[in-house]
1. Quick test of your reading of the structure: residue 325 fulfils all but one of (1) outside any loop (DSSP other than H, G, I, E, B); (2) under 30 Å from residue 249 (Cα atoms). Name the failing condition by number.
2. Can you name the residue in the stretch 289-310 that is open to solvent by less than 70 Å² (accessible area, probe 1.4 Å) and β-branched (Val, Ile, Thr) and is also nearest to the chain's Cα centre (by Cα) among such residues?
3. Which numbered condition trips up residue 164, out of (1) modelled with pLDDT under 95; (2) open to solvent by 70 Å² or more (accessible area, probe 1.4 Å)?
4. Give me the residue from the stretch 95-107 that is touching a residue at least 24 places away in the same chain (Cβ under 8 Å) and open to solvent by 50 Å² or more (accessible area, probe 1.4 Å) and, out of that set, farthest from residue 133 (Cα to Cα).
5. Filter the stretch 193-207 for residues that are hydroxyl-bearing (Ser, Thr, Tyr) and open to solvent by 40 Å² or more (accessible area, probe 1.4 Å); which is nearest to residue 85 (Cα to Cα)?
6. Please determine, by comparing only the residues of the stretch 340-369 that are in contact with a Pro (Cβ under 9 Å, 6 or more places away or on another chain) and crowded, with 16+ Cβ neighbours inside 10 Å, which one is nearest to residue 312 (Cα to Cα).
7. Report yes if some residue within the stretch 227-241 is touching a strand residue (DSSP E or B) at 6+ places or on another chain (Cβ under 8 Å) and of a type in the set (Gly, Ala, Ser); otherwise report no.
8. Quick one: what pairs do we get from the stretch 301-318, first residue farther than 15 Å from residue 364 by Cα, second assigned to a helix (DSSP H, G or I) and open to solvent by 50 Å² or more (accessible area, probe 1.4 Å), C-beta under 7 Å, 6+ apart or different chains?
Amino acid sequence: MKKISKIWIFVILLILVALAFWLFSGGKKEEIINFKTVKVDEGTLQNSVTATGTIEPVTSVTVGTQVSGIVSKLYVDYNSIVKKGQVIAELDKTNLTSELNTAKANLSSAQSSLNYQAANYSRYQTLFKKGLVSADDFENAQLSYNQARDQVAQATENVRRAQTNLSYATITSPIDGVVLSKSVEEGQTVAASFNTPELFTIAKDLTNMQVVANVDEADIGDVKSGERVTFTVDAYPNDTFHGTVTQVRQEATTTNNVVTYEVVISAPNANLKLKPGLTASVTIYTFERNNVLCVPSKVFRFTPTKETIGKQRKLEDCNGKSKVWTLEGNVVKAHPVKTGMTDGVNTEILSGVSKGMEIISEIEVTTEGMPEEANQAQSPFAPGPPRRNRK
């Protein structure tokens with residue numbers, strides 16, 4: 001009986017040893033290493049700067065008046081098309097006409113006085129030569145003649161000034177364009193004592209607009225004249241407008257401790273969609289190259305090791321500041337490359353690889369025998385069980 005019990009104990013121990021061996025060796029699932037690759041291909045590299053700006057006419061003129069008075073007539077309104085020299089408003093001319101008539105009367109009086117003094121001076125000159133009058137009388141006659149001549153010159157200037165002021169009462173357009181704003185109405189009094197009252201604002205050509213964008217000081221160093229620009233406005237959210245940087249202004253503006261610089265951008269407006277004052281969201285392409293050989297920048301962050309590529313594969317490294325890796329049979333091989341510009345997403349390849357080559361970008365590790373959904377890619381921010389899709 002004791003002999004049979006020992007046999008059963010031996011059998012149970014043997015089963016436990018076999019089970020432990022299976023759990024720690026045969027029960028382990030094999031890991032499969034897959035390489036994800038990208039092709040070397042031609043693409044476009046570009047860097048850009050974003051800013052906001054305001055749509056403005058290229059040329060706009062504020063029309064005012066240099067004389068005071070009552071606005072008697074207005075000949076234009078908002079959006080009126082005007083030509084250079086066209087009469088657009090008139091002030092009441094009653095007082096200005098009166099001032100001109102007074103100046104003319106003073107000129108006539110001064111001229112009469114000059115005629116008398118001229119004749120008197122000529123008579124005294126003749127008598128003085130004959131010794132019939134004293135030198136003092138002759139000099140007084142000469143002085144009166146000179147004073148009368150100066151009074152005529154002064155009166156003449158007063159007439160010219162009055163004529164000029166009268167002409168200012170007729171306000172004309174200084175340019176061909178469109179009336180953007182009107183600041184007065186008929187019957188309103190304007191006073192030009194200390195400054196020039198603004199009556200109208202006229203834009204020269206609304207088919208040729210500009211965007212004045214405020215670019216942050218951190219980005220202004222990359223912005224230069226001639227760079228391509230795209231922008232949108234809220235009025236037409238589905239339309240993209242195109243322009244070119246025409247000027248980078250040197251004056252800095254500080255608002256809430258933020259330093260910005262004004263950048264002027266051309267904005268062709270043949271269809272007149274762009275209106276003065278619209279806010280534009282601007283993208284300035286500071287660097288742009290088309291049809292260059294490039295790869296995603298992430299391939300340069302891939303660095304394989306013997307442990308990560310699997311025991312059945314070989315690793316061939318190389319010397320080089322920048323390198324990319326390819327899978328050639330069972331060999332993971334490094335290729336030294338010379339890189340050019342980058343836009344942060346893609347990097348230009350100048351030499352080292354050719355178009356169409358498959359470059360390893362990352363490793364994906366899956367576990368044999370696990371469900372397919374368990375081996376699918378996981379977000380790097382989402383937790384997952386051990387051995388699930390290690391990269």
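The values are calculated or read from the model by the stated rules, or taken from the named source; none is laboratory data. All of these numbers come straight from a predicted model, not from anything done at the bench. Here the Cβ positions follow ideal geometry from the backbone for every residue, glycine too, while neighbour counts run over all protein chains shown. The accessibility values were calculated without ligands, DNA or RNA, using every heavy atom of the protein model including side chains. Shrake-Rupley method; radii C 1.70, N 1.55, O 1.52, S 1.80 Å.
1. Just one mismatch for residue 325, condition (2).
2. Per the criteria, the residue is 292.
3. Unmet for residue 164, out of (1) modelled with pLDDT under 95; (2) open to solvent by 70 Å² or more (accessible area, probe 1.4 Å): (2).
4. Taking the stretch 95-107 as the starting set, the residues that turn out to be touching a residue at least 24 places away in the same chain (Cβ under 8 Å) are 95-97, 99-100, 102-104, 106-107.
From the residues that got through so far, the ones that are open to solvent by 50 Å² or more (accessible area, probe 1.4 Å) too are 95, 97, 99, 102, 104, 106.
Details: 95: 49, 97: 47, 99: 43, 102: 39, 104: 36, 106: 32 Å.
Only one residue tops the list, namely 95.
5. The first filter runs over the stretch 193-207 and keeps only residues hydroxyl-bearing (Ser, Thr, Tyr), leaving 193, 196, 201, 207.
Now drop any that are not open to solvent by 40 Å² or more (accessible area, probe 1.4 Å), which leaves 193, 196, 207.
Values: 193: 25, 196: 19, 207: 21 Å.
Taking the candidates together, the pick is 196.
6. 363
7. Kept after step one, since they are touching a strand residue (DSSP E or B) at 6+ places or on another chain (Cβ under 8 Å), are these residues of the stretch 227-241: 227-234, 239-241.
Now restrict to residues that are of a type in the set (Gly, Ala, Ser): none.
No, the stretch 227-241 has no match at all.
8. So the pair list comes out as 315/306.
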